[in-house]
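Rule-based calculations on the coordinates, nothing more; no lab input. This is a predicted model, so every value here is computed, not measured. Ideal geometry is used to build each Cβ from the backbone, glycine not excepted, and the neighbour counts take in all protein chains shown.
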Amino acid sequence: MKRYRILHIMNYYIPEMGYQENYLPAEQKKLGLFPFIITSDRYPPIQNYDQILAPVLGSRIQYPGRFKDNGVEILRLPVILENIHHTYVLLKGLYRSILKIDPDIIHLHGVSGYLVFQVLIINSFLNMPLVMDSHTCYFNVNPYNFKKRFYYKILKRLVYPCFKSKIQKILPINEDAKIFLKDELNIPESKLTILPLGTDVKTFYFSETERVAFRKKLGLNPNDVVAIHSGKLSDRKQTSFLVNSLTGLFSNFPSFKLLIVGSGSKEYMDSIRFIVKENDMENKVFFYPFAQRNVLRKFYNAADIGIWPGDPSITIQEAMACKLPIIVQDHRDTKELNAYTNGIVVRRGDKAQLLSAISKLVLNKKLREDLGEKSLQLVQDILNWKSIAQRSIELYREALGRP
């Protein structure tokens, strides 16, 4: 196999995280490719950055220049223009940097924004093989208002028709992203192949020893049935809805506990803590801040059930790798996460369905264990970064027209 030079281009990069951009290039390197990353000189401008990520990452603005993460060389370029409301950037010196790296293929992360336009225009001159991936789903463009619809119509009618011959493949992360590309951008089926998100099985795995020790550290009893909800917390993740739904459940199941690991805006977290306090759930619902991955694994090992009733998150795959059954929303954006029927799906915002799913798992230890084994098997078979990297190489070869 030729050792292809793969240039990943993306708006933002946060080192030592569990995202696609952290693991896919690193696993590609282990498989013999030469990946390289170009990104901006800053972290993403997420809402309430100072409250949520600054305590962990520090300043959002970083220095331009080169560094390594997971063994992959990364070049941060200065930003010419940034739209913090849509996380779009234009990069200074991108054309020269691409020429210097001279990749066999460009992997552009994203299908909209300034950087996408910049790469498409540059590549109209360079004519390099181009693969794009897309995390854009109907759920994460909400509210899909007139302004957004108008923007995507411009992409559909003006931008992509001009550049479609320069794009070999687009890789949506799930079925919802694929349908969005077909319906909203008129991308033909022949150019679309799903490449799902995965997890790092060397960091996230089940350990009975760790489970016993960490449950003891958290003050949990051996008979407690523990659920976990983790990640960046917001109404889109349905965190408040989850806590509100549990107000009457604890009296029926005294051994049931909920761990909330992560953070959101101060106002949002205060509102959830208020619900907990007002309903005397302070000895049932426990809050923990963002945790490093090796500590987050311990939380998953201490738990018995993972619950994400709203927008999906990469934390779901991490929990599955630790052998947790999952409760997720019944939608095409979670189809790949429940491919082995390793969880229970519930209609978004349906309190009765959510409580029924939780009750079923709390009452049935064997069901929890069976679904947890299926979660682990799905990760081992498909949703791990090594398998996904191997699949990406196959897709690159197709894009290059090589066997």
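LYS68: which lysines have alpha carbons under 21 Å from its alpha carbon, excluding same-chain residues fewer than 8 sequence positions away?
Straight-line reach from LYS68, under 21 Å: LYS29, LYS30, LYS92, LYS100, LYS202, LYS386.
Counting other C-beta atoms within 10 Å, which of PHE180, PHE286, PHE67 has the fewest, and how do the rest follow? Working shown, then result.
Numbers: PHE180 24, PHE286 17, PHE67 14.
Ranking PHE180, PHE286, PHE67 by Cβ neighbours within 10 Å, fewest first, gives PHE67, PHE286, PHE180.
Let's see if you can work this out: charge +1 on each Lys and Arg Cβ, -1 on each Asp and Glu Cβ, no other charges. What is the dipole magnitude of region 208-381 about its Cα centre, in debye to the nearest 20?
Details: 26 positive and 20 negative charges, 44 e Å.
That gives a dipole near 220 debye.
Evaluate the charge dipole of region 194-262 about its Cα centre and quote only its size in Debye, nearest 20, assuming +1 on the Cβ of each Lys and Arg and -1 on the Cβ of each Asp and Glu.
Charge dipole, region 194-262, about its Cα centre: 120 debye, nearest 20.
Calculate the tail of P(r) for region 98-194: the fraction of all Cα-Cα distances greater than 24 Å, expressed in %.
Of all Cα-Cα distances in region 98-194, 18 percent exceed 24 Å.
Note the full-extension length gain between GLU398 and LEU31 as 0.36 nm times their separation in residues minus their Cα-Cα distance, in nm to one decimal.
That works out to 130.4 nm of additional length.
Mind checking which of SER234, ILE61, LEU126 is farthest towards the positive end of the chain's charge dipole, using Cβ charges of +1 (Lys, Arg) and -1 (Asp, Glu) about the Cα centre?
Sorting the options by dipole projection puts first LEU126.
Please give the length that would be gained between ILE80 and SER359 if that part of the chain were fully extended, namely 0.36 nm times their separation in residues minus their C-alpha to C-alpha distance (nm, one decimal).
Stretched out fully, the ILE80 to SER359 stretch lengthens by 95.2 nm.
If the label point is 7 Å along Cα→Cβ of GLU16, which residues in region 47-61 have backbone nitrogen under 20 Å from it?
The answer is 49-61.
Charges on Cβ only, +1 for Lys and Arg, -1 for Asp and Glu, centred on the Cα centroid of region 1-148; of GLN20, ILE106, CYS137, which one is farthest towards the dipole's positive end?
Working it through, the farthest residue towards the positive pole turns out to be ILE106.
Computed over the Cα atoms of the chain, what is the ratio Rg over Rh, Rh following Kirkwood?
Result: Rg/Rh = 0.97.
As I understand it, the dipole of region 318-368 uses +1 on the Cβ of Lys and Arg and -1 on the Cβ of Asp and Glu, about the Cα centre. Which of ILE327, THR341, VAL362 lies farthest toward its positive end?
Sorting the options by dipole projection puts first VAL362.
Between exposed trypsin sites (Lys or Arg not before Pro) in the chain, where DSSP calls loop and at most 11 other Cβ atoms lie within 10 Å, what's the longest gap?
Values: sites that count: LYS2, ARG3, LYS202.
So the longest stretch without any such site is 203-403.
Which whole number in µm²/s is D for region 4-72 by Stokes-Einstein, with the Kirkwood Rh taken over Cα pairs at 37 °C and 0.692 mPa s?
D, rounded to a whole number, is 253 µm²/s.
Once amide H atoms are placed 1.01 Å from N in the peptide plane, what residues at a sequence separation of 5 or more from GLY343, or on another chain, have their amide H within under 5 Å of its amide H?
ILE326
Using a Cα-Cα cut-off of under 29 Å, which lysines could be cross-linked to LYS360, ignoring same-chain neighbours fewer than 8 residues away?
Straight-distance partners of LYS360: LYS216, LYS217, LYS232, LYS237, LYS257, LYS277, LYS284, LYS298, LYS323, LYS335, LYS351, LYS374.
Which whole-percent values make up P(r) of region 1-122 when all C-alpha to C-alpha distances are grouped in 5 Å steps starting at zero?
The distribution over region 1-122 is 2, 11, 22, 24, 21, 13, 6, 2, 0, 0, given as percents.
Step by step: find N for region 208-381, compute 2.2 N^0.38 Å, then divide the Cα radius of gyration by it. What's the final number?
Here the Cα radius of gyration is 0.94 times the empirical estimate.
Evaluate 2.2 N^0.38 Å with N set to the residue count of region 243-338, then give the Cα radius of gyration divided by it.
1.12
To the nearest 0.05, what FRET efficiency results for ILE154 and ASN283 with a Förster distance of 51 Å applied to their C-beta separation?
After rounding, the FRET efficiency stands at 0.40.
Treating only the Cβ atoms of Lys and Arg (+1) and Asp and Glu (-1) as charged, compute the dipole magnitude of the chain about its Cα centre; round to the nearest 20 debye. Walk me through the numbers before you get to the answer.
Values: 56 positive and 39 negative charges, 152 e Å.
Using only the charged Cβ atoms, the result is roughly 720 debye.
So if each residue of separation counts as 0.36 nm, and I subtract the Cα-Cα distance between LYS100 and TYR138, what length gain in nm does that give?
Numbers: separation 38, 0.36 × 38 = 13.68 nm, distance 3.71 nm.
Value of the extension gain: 10.0 nm.
Ignoring GluC sites (Glu not before Pro) that are buried or in helix or strand per DSSP, and keeping those with at most 16 other beta carbon atoms within 10 Å, what is the longest stretch of the chain between them?
The longest such stretch corresponds to 17-281.
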